Amino acid sequence: MGAFDALGLNGNHLTNGGTTISNTASFEFAGTDNENPNGSNHYECSQDGSAFSKCENQSVGLPSWGLQEYINLSPGVHTFQVRSVNQDGGVDSNPATFTWTVTPPPPKSS
């Protein structure tokens, strides 16, 4: 996996292992096929240990990139994983992993 970026609500960057009150997360990622630099990848995503499935938004062709968004996340620890699959069906055996904690927003003062 090549480039990777994680954003919370209002475009604030999330930190791997960090904490946020944002219940929204968006992940942008890109990669290349080291065996066939002219080949295109597609991406599979997993949230909180679920089975990998095709990520929501992906480019077609080169360069390959993807975007995955999650909304209404509950408070607690969350883990996002993404892996690339090359045009020959080869699956990345070492997915990129990002873990963060959503905390409840502070109580509103009266």
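The values are calculated or read from the model by the stated rules, or taken from the named source; none is laboratory data. Bear in mind that the values here come from a model prediction, so they are computed numbers and not experimental data. Neighbour counts run over all protein chains shown; Cβ positions are idealised from the backbone, glycine included.
Across segment 76-94, which residue is farthest from the chain's Cα centre (by Cα) among those that are under 13 Å from HIS42 (Cα atoms) and not in a strand (DSSP E or B)? By that ranking, first place goes to ASP88. Scanning segment 4-26 for residues that are at pLDDT below 65 and either within 11 Å of the chain's Cα centre (by Cα) or among the acidic types (Asp, Glu) (or both) yields a count of 2. Inspection of segment 78-87 finds a residue satisfying the criterion of being over 20 Å from SER22 (Cβ atoms), touching a strand residue (DSSP E or B) at 6+ places or on another chain (Cβ under 7 Å) and of a type in the set (A, V, I, L, M). Does segment 66-84 include one or more residues that are among the hydrophobic types (A, V, I, L, M, F, W, C), farther than 28 Å from PRO104 by Cβ and out of contact with any Cys (no Cβ under 6 Å at 6 or more places or on another chain)? No; the residues of segment 66-84 include none that is among the hydrophobic types (A, V, I, L, M, F, W, C), farther than 28 Å from PRO104 by Cβ and out of contact with any Cys (no Cβ under 6 Å at 6 or more places or on another chain).
Conditions (1) touching a Ser or Thr at 6+ places or on another chain (Cβ under 8 Å); (2) at pLDDT 90 or above; (3) more than 24 Å from LEU14 (Cα to Cα), marked per residue:
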{"position": "GLU28", "(1), (2), (3)": "no, no, no"}
{"position": "ASN34", "(1), (2), (3)": "no, no, yes"}
{"position": "GLY39", "(1), (2), (3)": "no, no, yes"}
{"position": "GLY49", "(1), (2), (3)": "yes, yes, no"}
{"position": "GLN58", "(1), (2), (3)": "yes, no, no"}
{"position": "LEU62", "(1), (2), (3)": "yes, no, yes"}
{"position": "GLY66", "(1), (2), (3)": "yes, no, no"}
{"position": "GLY76", "(1), (2), (3)": "yes, yes, no"}
{"position": "GLN81", "(1), (2), (3)": "yes, yes, no"}
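Taking (1) at pLDDT below 90; (2) closer than 15 Å to ALA6 by Cβ; (3) β-branched (Val, Ile, Thr) in turn, THR97 satisfies each apart from (1).
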